[in-house]
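Below: the structure, in structure tokens.
The values are calculated or read from the model by the stated rules, or taken from the named source; none is laboratory data. Every value quoted in this text rests on a predicted model; they were computed, and no experiment measured them. Counting neighbours? That spans all protein chains shown, and the Cβs are built from the backbone with ideal geometry, glycine included. Side chains included, ligands, DNA and RNA excluded: accessible areas come from the protein's heavy atoms. Shrake-Rupley method; radii C 1.70, N 1.55, O 1.52, S 1.80 Å.
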Amino acid sequence: MTIDSEDLVNSILASLTKIEYIKPEDIPNIDLYMDQVTTFMDNRLRSMTRNPGDDKVLTKTMINNYAKNDLLPSPEKKKYSKEHMLLLIFIYYYKNILSIGDIQTLFAPITQKFFKAESGYKLEDIYNEVFSMEKEEIEQLKQNVKEKFKRAESTFDTAPEEDREFLKKFSFICLLSFDVYVKKLLIEKLVDDMRDKNGVEGKDIKKEKKDREKEK
């Protein structure tokens with residue numbers, strides 16, 4: 001690949017170092033109305049969207065749908081607590097890789113056991129534990145991407161010169177995509193196992209089953 005391609009990859013890797021998760025202490029300790037929730041999320045997460053000038057992080061419709069589908073406990077008097085915010089951050093990261101039903105399965109035990117827990121382990125403890133792994137994970141991810149880039153550079157050396165750069169970039173995208181595919185498959189299998197063991201089924205999963213039964 002050309003120097004321009006390598007510069008682009010290095011620029012993306014450098015931006016990963018700057019990623020910071022939203023710390024619980026950054027979240028207001030007062031309950032927020034919907035407009036305040038969307039504004040806060042937009043301010044903190046917009047820079048990492050594909051098109052920061054146009055993309056919405058979370059909309060009112062999205063949040064209402066999450067509550068309707070049991071991903072998010074209903075707000076109290078139209079206000080969202082700090083724990084609501086923590087769940088919304090989790091949902092934001094998961095919604096691009098998992099279905100609504102899978103997210104329901106994953107978070108049902110979390111909300112049932114730890115949302116508004118009066119003592120013992122709380123939702124904020126889970127949030128802190130998970131995101132504390134972020135820094136080490138980013139370094140490993142950067143190294144993995146560099147290795148894939150080098151592998152892609154070694155491909156298609158015998159291809160026509162005018163097509164070589166495109167094919168090498170295509171090879172790099174394929175390597176990254178396969179990695180995402182395998183990890184997504186693994187996540188889905190783990191969620192399915194969780195569903196089988198806990199008997200947790202989201203509304204959309206139950207509806208799909210009923211629809212299938214009607215078709216028989």
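If you roll a 1.4 angstrom probe over the protein chains with everything in place, what fraction of the accessible area of the chain belongs to carbon and sulfur, to the nearest %? Mind dumping the intermediate values first?
Working: 7610 of 14440 Å².
Looking at the chain in its full context, I get 53 percent from C and S.
Just how large is the dipole of the chain about the Cα centre, in debye to the nearest 20, putting +1 at every Lys and Arg Cβ and -1 at every Asp and Glu Cβ? Walk me through the numbers on the way to the answer.
Numbers: 38 positive and 41 negative charges, 201 e Å.
Charge dipole of the chain: 960 debye, to the nearest 20.
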*Cα centroids of the range 21-58 and the range 94-110: how far apart, whole angstrom?*
20 Å
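The range 12-106: Rg/Rh from Cα coordinates, Kirkwood Rh?
For the range 12-106, the value is 0.96.
Counting Lys and Arg as +1 and Asp and Glu as -1, each charge on the Cβ, what is the dipole of the range 93-166 about the Cα centre in debye, to the nearest 20?
The calculated dipole for the range 93-166 is roughly 400 debye.
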*Just one of [x] 64, 51, 34; [y] 49, 39, 34; [z] 59, 59, 29 is Cα extents along the principal axes in Å calculated from these coordinates, so which is it?*
[x]
*Once both axes come from the Cα atoms, what is the angle between helix 82-94 and the longest principal axis of the chain, in degrees from 0 to 90, rounded to 10?*
30 degrees
_Length released on extending from residue 133 to residue 181, taking residue separation times 0.36 nm less the Cα-Cα span_ = 15.1 nm
*Starting from the Cα gyration tensor of the range 98-147, take the square roots of the eigenvalues, sort them a ≥ b ≥ c, and report rounded, prolate or oblate (rounded when a/c is under 1.5, otherwise prolate if a/b is larger than b/c, else oblate).*
oblate
*Enumerate the residues in the range 15-42 having an amide nitrogen under 11 Å from the point lying 7 Å beyond the Cα of residue 124 toward its Cβ.*
24-30
_Once the cut-off is 20 Å, how many percent of the Cα-Cα pairs in the range 54-112 end up in the long-distance tail?_
17 percent
_the chain: calculated mean residue ellipticity at 222 nm from DSSP helix runs of at least 4, using -39500 (n - 2.57)_ = -22000 deg cm²/dmol
_Most fluctuating residue given options 125, 163, 31, as computed from a GNM of the chain linking Cα atoms under 10 Å_ = 163
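Accessible area per residue for the chain in Å², computed with a 1.4 Å probe and the full protein assembly in place, what is it?
That works out to 67 Å² per residue.
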*asked:* Going by average Cβ density within 10 Å per residue, which order do the peptides 96-102, 138-144 take, highest to lowest?
replied: 96-102, 138-144
*Which residue, chosen from 115, 97, 13, occupies the Cα position most advanced towards the positive end of the dipole of the chain, where the dipole is computed from +1 (Lys, Arg) and -1 (Asp, Glu) charges on Cβ about the Cα centre?*
115
*What is the calculated FRET efficiency for residue 154 to residue 196, with r their C-beta to C-beta distance and R₀ = 35 Å, to the nearest 0.05?*
0.25
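Any idea what the relative contact order of the range 19-169 is, in percent, if you count C-alpha pairs under 8 Å spaced at least 6 apart?
This gives 20 percent for the range 19-169.
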